[in-house]
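One structure below.
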Amino acid sequence: MAPVSIKRILISESVDPCCKKILQENGIQVTEKQNMSKDDLIAEIKDYDGLVVRSATKVTADVINATGNLQIIGRAGTGVDNVDVDAATKKGIIVMNTPSGNTISAAELTCTLLMSLSRHVPQAAMSMKAGNWDRKKFMGAEMYGKILGIVGLGRIGKEVATRMQPSAMIQSLLLSCGPSVITSPSTRLLNDTSFAKCKKGVKVVNCARGGIIDEDALLRALESGQCGGAGLDVFVEEPPKNRALVNHPNVISCPHLGASTKEAQARCGQDIALQIVDMVMGKGLVGAVNAQVLASTFSPGSHQWIKLGEAIGVVLRSCTTSKQPFSQVQITTQGDCLKGSSGYMTSAVMVGLLTDVSKSCPNLVNSLSLAKESGIMVTRNHSEGLTQGACEVEISVNGSSYRATGSVQGGALVLLELNRSVFRQPVSLTGNLLFLKAAASPQLLPSVTGLLATAGVEMESFSAPAARNGDQWYCVGLSSLLGDLGALKPLVKEAAQLSV
Ligand SMILES: O=C(O)[C@H](O)COP(=O)(O)O
């Protein structure tokens, strides 16, 4: 991947000091601010290349659209529901989290709430502080022999299962669903229907996200006794303005403390800083939630292939005669060296195709979403068997198709074929290039040479197609781009120039 340059990072929340230290030790300027309003963030964000947050900073589309050169939003923690990931992706900004740093702490708090619910510990402590000694009111229940259902057997769910086994809880209902289901605020996994199906008096703990419980349904279930108690660390709105659940006598609650341990914060702060530094240094990409395709762009040699993909995109865009919108793109990678690379090659080709076409700045993070937004259908495949790698791209413009095939040979980008004109020698994709479509004629080369001389431009190379029948594509290397292609009209059918 092309090196990402990150010079200034804003940390907008209380993140462990090791985060700032690691970033600074690696030459990144860090500004720490807390309790920033949305307007403050919008006013300041344009000055930064990176932003590090926890869950309180709402990185909305407004904030993202106010960014200038922001390249990364680092979440020192797991949930990215406070970040508009779609808006970030469209803007080409990487969103990165630290998915395992606070697993143990979140699992431990879940178990703490489970145990506190069975023995009414918070309520009993409050009663003691109020001067009471009430041994009858807080009759509890053993956890031994009870059935524990864990919704979502991800990292935290598994840790909870491991910890509750020694308590002899039986886990008979282990629902496995992926993190995207669990963290999606619109998925009310526990609602009136699910409470009705539970055993009367069921107790519920939520240390994941407020949105996965229908809070009104929970209140109804608590009031009817269908739910015997709830331990809540998270709420749909934080802090919750509606206090009905918090104030319910059978609810014990915390202000989103799942990750609030010194250990978890140290891990998350360190993880996000190291992940950002590794990315900047081109060592690897870990934790990117919206740009997984980039993870494989750190392998040796991928940089040149990415440049090739972008260059083929630029060549095709320039050579589609009328600059009309294209509707379909088919990318085929070939050869063992590109096995597993068709993801980033597709993104790279789309960067080249969309540059100067899309209003946004295309990059490897956003090119596919920009294509989708423009209604462009992108398909990709990989054909095995060939030892030499190549990338073939075909686009459809108003029913006509244009095709280019390129490769990386000896570390250099080359074009092998343009619109079925296979070049006699691979064309070096570098510098200023003039592509011409013309019928084979002994007069072509001297005419073009003369025309370039008149324009004061030197011809650095001339690549002819292998076939000599019908109209074919030629490529001319130029010392500088021509001011105007009009003079070529009598000589050629089509002409396009570009710099790679
Ligand atoms: O998603 C998370 O990582 C946890 O909910 C913790 O959030 P926090 O970093 O704001 O405490």
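For V204, what is the net charge nearby, where nearby means another residue's Cβ is under 15 Å from its Cβ and Lys, Arg count +1, Asp, Glu -1? For residues surrounding V204, the net value is +2.
Charge dipole (Cα centre; +1 on Lys/Arg Cβ, -1 on Asp/Glu Cβ; no other charges) of the chain amounts to roughly 1140 debye.
Protection proxy ranking, highest mean first, for peptides 137-148, 395-406, 107-118: 107-118, 395-406, 137-148, where packing is the per-residue count of other beta-carbon atoms within 10 Å, averaged. What FRET efficiency comes out for F138 versus N247 if R0 is 22 angstrom and r is the Cβ-Cβ distance? Round to the nearest 0.05. Efficiency, rounded to the nearest 0.05: 0.75. The calculated FRET efficiency for N191 paired with K38, based on their beta-carbon distance and R0 = 22 Å, is about 0.10.
Hey, how much of the P(r) for the stretch 302-499 falls beyond 29 Å, as a percent of Cα pairs? The proportion of pairs with Cα distances above 29 Å equals 22 percent. Between M459 and Q409, the modelled labels are 2.1 nm apart [label points 7 Å from Cα along Cα→Cβ]. For the chain, the longest principal axis of the alpha carbon atoms and the long axis of helix 103-119 meet at an angle near 20°. With the largest listed first and rounded to whole Å, the semi-axes of the equivalent ellipsoid of the chain from the Cα gyration tensor are 60, 23, 19. Candidates C18, S367, V160 compared by Cα position along the dipole of the chain: farthest toward the positive end lies V160, with charges placed on Cβ. With bins 5 Å wide beginning at 0, the percent of Cα pairs of the stretch 342-422 falling in each bin runs 3, 13, 22, 24, 21, 12, 5, 1.
For the cross-link pairs K58/K90; K33/K241; K136/K241; K146/K241; K146/K197, the ones whose C-alpha atoms lie over 22 Å apart are K33/K241; K136/K241; K146/K241. Ordering V277, S105, M377 by the projection of their Cα atoms onto the charge dipole of the chain, which places +1 on the Cβ of Lys and Arg and -1 on the Cβ of Asp and Glu, puts S105 at the extreme positive end. Report summary: the helix-based calculation at 222 nm, which adds -39500 (n - 2.57) for every DSSP H run with n ≥ 4 and divides by the residues of the chain, gives -9000 deg cm²/dmol.
With a simple spin-label model that places each label point 7 Å from the Cα along the Cα-to-Cβ direction, the separation between K200 and T162 comes to 3.9 nm. When peptides 309-316, 373-380 are sorted by average Cβ neighbour count within 10 Å, with the highest value leading, the order is 309-316, 373-380. Under the criterion of Cα pairs below 8 Å and six or more residues apart, the relative contact order for the stretch 302-499 equals 21 percent.
When you restrict to C-alpha pairs under 8 Å that are six or more residues apart and normalise by the size of the stretch 243-305, the relative contact order lands at 15 percent.
Would you work out which of A141, H303, H256 lies farthest towards the positive end of the dipole of the chain, given +1 charges on the beta-carbon of Lys and Arg and -1 on that of Asp and Glu, about the Cα centre? It is A141.
With coordinates expressed along the principal axes, the C-alpha atoms belonging to the stretch 102-253 extend over 46, 37, 31 Å, beginning with the largest. Note on the stretch 240-330: with charges restricted to the Cβ of Lys and Arg (+1) and Asp and Glu (-1), its dipole about the Cα centre is near 260 debye. Please compute the contact order of the chain in relative form: average sequence separation of alpha-carbon pairs under 8 Å and at least six residues apart, divided by the residue count, as a percent. Over the chain, the number comes to 12 percent.
Values in this text are rule-based calculations from the coordinates and carry no lab data. Computed from a prediction, not measured in an experiment: that's the story for all the values here. For neighbour counting, all protein chains shown are included, and Cβ atoms are generated from backbone atoms with ideal geometry for every residue, glycine included.
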